[in-house]
Amino acid sequence: MNPSCSKMKTVSLVHKAAELANRTLVFDFEGTLLRSTSLFPYFMLVAFEAGGLLRSFILFLSYPLVWLVGEEHLGLKIMVFLCFFGIKKDTFRIGLAVLPKFFLGDVGWEGFEAVMCYERKVASSKLPRIMVEGFLKDYIGVETVAARDLKSFRGYFMGLFEKNKSNNTPSYENYHKELFHHFKEVYLMSSDERRNWRVLPRERYPKPLIFHDGRLAFRPTPASSLAFFMWLPLALFLSIFRITFGVSLPFNVSAPILALSGTRTTASGPHNSLSLVQNEEKEKGMLYVCNHRTLLDPLYIAYVLDKPLSAVTYSLSRLNELVSPIRTVRLTRDREKDREAMEKLLNLGSLVVCPEGTTCREPYLLRFSPLFAELTDDIVPVAVDVNVSMFYGTTASGHKWLDPFFHLMNPNPTYFIKVLPRLPQSQTCQGGGKSSIEVANLVQNEICNALGFACTNLTRKDKYTLLAGNEGVSPRHNSP
C-alpha cells in the first residue's frame, strides 16, 4: 500500500478482520499473505522448471545485481526478462502446476486467516499475472487479480511487461494509481508482524493440495540455490553410479551398494513369511498391490521381499526397461489385453501392480482400478512412501525417462515399504463373493491407514488435466 496516503493506519489487519468481514477486501498478495519478502525463489522455480538448468544458473548469477538495484522495480524486470524470454506461452503451466505448492508453503497463518474472513476479495501482485492468477483464484478465492501481463510475439514470451491497457482486469499500476484513493480504509501490514507469522498448516489449506508438478523439491532461495548448484556435479555422478552399480545388479549385490551410496530403505511387515506363500492349487504367484510413488516402487518391493518379481506399468521408457533388473510388461489400457497379460505373469510367479495408474507425491491415494481384484484371491497390500530433499523423481509434463535419475540424484533418497497382512479370503472376489470395486476400495483403505494418508476418488485423468492440460496419453505411448 502507498504509505503517503493520509488515510493510512499502521494497525494489525488481523485484529480488524472480524469487524470488516462484510466488506470487500483489496489486498497486496506479497505484502499481506507471504511471510518472505523476496520474490527471487519464485522466479528461480520458473527459470528451472520452464527454462532449464542453464537459464536458472544465469538467473542465479544475476542475483547480486537484482539485490543491488532492488527487487521492487528494475530488479523485478531483470528477473522477468531472464525467466520468460523465449518461453512458449501456450505450454506455460508453472503458475497452475508448480507455484501453488510453494506459495502455500510461504503463506503466513495470521495473514491468511485475516484475508479469508472476507467473502469478496480483490488481489494485486507485483508478479506477472500468469504466475499468480491461478493460485489466487483457486486457493484464495479472489474475484479479480490486478497484475501485469507479459508481452508475447508469435506465441513466445518476450520477457517484458505489457503497457497499461484499458480493460476490465486492472493492472498492478492501475490498482495503485486509480483504485487506491477510493478505499474507505487502508491497513498496513508491518514487516515485523509478517516476520513472526506461523506457517499455514496443511489442514488449514482452503482445498487439499494433491497434485503438483516440477522437479525441485525445495524452495530455491539464494542460499539453497547456491547449495543446489554446488551439489549438482556430485548428484549427477551419484545418480549414474547408483543406477549402474546398484539398480542394474542382482538384488543381493545392489542393495548394499545403494545403502553405501546414501540411499535409505525402511521395511516393515510380515514379509518374510508372506513372500513364500503361494496358491498351490492354481500354481499362481502372489499379487502385491501397492500405491504408486515413483517408477522404482516394484524394484524396492523386490528388494524388501528378497525375491524376483514381475511388474506391470502403463509406460516405461526403453532405457528404463533395459536397465531394470526385474521383468516389466507394459499395459495397453485395453481391459481384456491387460487382464490376459497380468494373468500370464501371475502364472509365472509373483507380480507387483500399482492400481492408481499414476504417481502421487502428496499424502493422498488416488482411486484404485479394480482390475487386479479379478485376477486372484492371493492379494497382499503394500504401503509405499518416499522422502526426497532436492528433486522429485516424478513428472507429468517433463521427460519421464529421467524420473529414476532425478530420484537418485537426491543426497539421501529414502523409501518406506510396509508389507501388510494378506487379504482374507472372505474379503476377495472369488473366495468371499465381493465385487472387484469393493476389494479395490478395501485395499486402498488398508494402505491409506498404514501410511496415514487420505483416500480420494481422483484419477490419473484428473491429475494430467490439471498439471499438463491433457489426459496423459501421448500419440506414441501412455504416460505413467
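The values are calculated or read from the model by the stated rules, or taken from the named source; none is laboratory data. Every value quoted in this text rests on a predicted model; they were computed, and no experiment measured them. Cβ placement follows ideal geometry from the backbone for every residue including glycine, while neighbour counts extend to all protein chains displayed. To get the accessible areas, we keep the full protein, side chains included, count just its heavy atoms, and leave off ligands, DNA and RNA. Shrake-Rupley method; radii C 1.70, N 1.55, O 1.52, S 1.80 Å.
Brief remarks on what is shown
- Segment 55-75, subset within 30 Å of Leu467 (Cα to Cα) and of a type in the set (A, V, I, L, M), residue most open to solvent (accessible area, probe 1.4 Å): Leu61
- Evaluated against (1) hydrophobic (A, V, I, L, M, F, W, C); (2) surrounded by fewer than 21 Cβ atoms within 10 Å (Cβ to Cβ); (3) in a strand (DSSP E or B), Ala147 falls short on exactly one condition, (2).
- Residues satisfying the stated conditions in segment 366-387, i.e. under 23 Å from Phe406 (Cβ atoms) and surrounded by fewer than 22 Cβ atoms within 10 Å (Cβ to Cβ): Asp385, Val386, Asn387
- Among (1) in a loop (DSSP other than H, G, I, E, B); (2) farther than 23 Å from Leu305 by Cβ - the single one Trp401 does not satisfy: (1)
- For segment 283-302, filtered to residues that are open to solvent by 20 Å² or more (accessible area, probe 1.4 Å) and more than 22 Å from Phe453 (Cβ to Cβ), the residue that is modelled with the lowest pLDDT is Glu283.
- Filter result for the condition that a residue is modelled with pLDDT of 65 or more, farther than 25 Å from Ile58 by Cα, more than 24 Å from the chain's Cα centre (by Cα) and part of a loop (DSSP other than H, G, I, E, B), over Lys163, Lys184, Lys207: Lys163
- Selection of first residues in segment 45-70 that are without any contact (Cβ under 8 Å) to a residue 60 or more places away in the chain and of second residues that are among the basic types (Lys, Arg), restricted to Cβ pairs under 8 Å at least 6 apart or on distinct chains, gives the following pairs, ordered by first then second residue: Ala47/Arg55.
- Test: residue in segment 392-400 that is under 14 Å from the mean Cα position of the chain (by Cα), surrounded by 17 or more Cβ atoms within 10 Å (Cβ to Cβ) and among the β-branched types (Val, Ile, Thr): yes
- Within segment 103-114, the presence of at least one residue that is closer than 22 Å to Gly214 by Cβ and open to solvent by 20 Å² or more (accessible area, probe 1.4 Å) is confirmed.
- Of the helices (runs of 4 or more DSSP H) lying entirely inside segment 13-54, those containing at least 1 residues that are touching a Cys at 6+ places or on another chain (Cβ under 7 Å), open to solvent by less than 20 Å² (accessible area, probe 1.4 Å) and at pLDDT 95 or above are 40-46.
- Within segment 361-386, being closer than 27 Å to Asn347 by Cβ and charged (D, E, K, R) holds for Glu374, Asp377, Asp378.
- Among the residues making up segment 336-385, those that are under 18 Å from Ile326 (Cβ atoms) and either part of a strand (DSSP E or B) or aliphatic (A, V, I, L, M) (or both) are Ala341, Met342, Leu345, Leu346, Leu348, Leu351, Val352, Val353, Val380, Val382, Val384.
- Residues (closer than 25 Å to Tyr314 by Cα and without any contact (Cβ under 8 Å) to a residue 12 or more places away in the chain) located in segment 439-462: Asn445, Lys461
- Qualifying helices (runs of 4 or more DSSP H) (wholly inside segment 85-136; at least 1 residues being under 12 Å from Leu34 (Cα atoms) and at pLDDT 95 or above): 99-106
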